[in-house]
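The values are calculated or read from the model by the stated rules, or taken from the named source; none is laboratory data. Since we're looking at a predicted model, the values are computed, not measured. Here Cβ is always computed from backbone atoms with ideal geometry, including for glycine, and neighbour counts include all displayed protein chains. Note: accessible area is taken over every heavy atom of the protein model, side chains too, but ligands, DNA and RNA are not part of it. Shrake-Rupley method; radii C 1.70, N 1.55, O 1.52, S 1.80 Å.
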Amino acid sequence: MSLRIALLNAAHDGEDNRRNFRRELDADLVEYDATERELPDSFAFDACVVTGSRASAYWDEEWITALEGWVSDAIDHGLPVLGVCFGHQLLAQALGGRVEPMDEYEIGYRTIDHTGESPLLDGVSESFTAFTTHSDHVAELPPGAERFAENDYGVHGFRKGDVFAVQFHPEYDTETAESVTKGKDLPDERIQGVLDGITEENYRAACDTKRLFENFTDYVRARRSADADGQRSPATSDD
């Protein structure tokens, strides 16, 4: 039976997110435009995914407050959750962590390292390439959360129970990387340097991180099977 996953699209123009996540996630995705305060009216899903956004998780906007509230309730109901970029930061905030602006914008294909064990990065190289674009970061992890990826810009992955979050963008294709880069308010030479790095070689290297989507759906299936049997399996414990 196919997984049913709520895709909480936090982009103001959600087409790139829609295309990328539908390509990468092997599941029946039910999409909601979070910026328009479209949210599920129940938690009748196997999991949910919170996407990236040009917004900051700490902005005082109604749609962000509503999204954070729904996600917090979903976590309380035991729903596995995956957050990417803005989603990573929103989940950290919802779980009691702290998100702050950075001193420098991180953008482009960057090297990220494992810092701990996580089923989300099973099969991904200990030091891997991924596309990044963010000016906020998780300055303080939620209580009880475990960091599993980082680089010199800070936290790039954490887990708490059934909640997984990554700062980088495993879903990006080169079209998205180029359009996002061109839309940034950064010096022309910085933009051009990032565009010059959007090569087939770097994209192929970054495709290694796409494995995390299969890892996440495998985790959710194992969790669903354990719940159906009336018990949690070792693979779905909080470690």
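Positive contributions from Lys and Arg (+1) and negative ones from Asp and Glu (-1), summed over other residues with Cβ under 15 Å from the Cβ of GLU140, come out at -1. Couplings 3J(HN,Hα) of the stretch 85-102, computed from phi: 6, 3, x, 4, 6, 4, 5, 4, 5, 4, 8, x, x, 10, 10, 9, x, 9 Hz, in residue order, whole Hz [Karplus 6.51 cos²θ - 1.76 cosθ + 1.60, θ = phi - 60°; x for Gly and Pro]. Amide H contacts of ASP136 (H built 1.01 Å from N, in plane; Pro and chain starts excluded): MET102 sit under 5 Å, all sequence-distant by 5 or more or on other chains. What does the accessible area per residue of the chain come to in Å², with a 1.4 Å probe and no ligands, DNA or RNA counted? Heavy-atom accessible area per residue stands at 45 Å².
Applying the criteria of a DSSP loop state and at most 16 other Cβ atoms within 10 Å to the GluC sites (Glu not before Pro) of the stretch 28-103 yields GLU38, GLU61.
Computed over neighbours whose Cβ is under 13 Å from that of ASP218, the net charge equals 0, Lys and Arg +1, Asp and Glu -1. Counting only alpha carbon atoms, the long axis of helix 62-76 and the longest principal axis of the chain meet at about 40°.
How would you classify the stretch 1-90 from its alpha-carbon gyration tensor, with a ≥ b ≥ c the square roots of the eigenvalues: rounded for a/c under 1.5, else prolate if a/b is greater than b/c, otherwise oblate? Cα axes put the stretch 1-90 in the oblate bin.
Only protein heavy atoms count here; under a 1.4 Å probe, TRP63 has an accessible surface of about 20 Å².
The apolar share of the surface of the chain, taken as the fraction of accessible area on carbon and sulfur atoms (1.4 Å probe, ligands and nucleic acids excluded), comes to 42 percent. On the principal axes of its alpha-carbon atoms, the chain has extents of 57, 39, 33 Å, going from largest to smallest. Taking every DSSP beta bridge with both residues inside the chain, roughly what % is antiparallel (nearest 5)? If I count the DSSP bridges inside the chain, around 60 percent turn out antiparallel. Give, rounded to the nearest 20 debye, the magnitude of the charge dipole that the chain has about its Cα centre when Lys and Arg contribute +1 at Cβ and Asp and Glu contribute -1 at Cβ. Taking the Cα centre of the chain as origin, the dipole is about 500 debye. With all protein chains in place and ligands, DNA and RNA left out, the 1.4 Å accessible area ranks VAL166, VAL30 as VAL30, VAL166, largest first.
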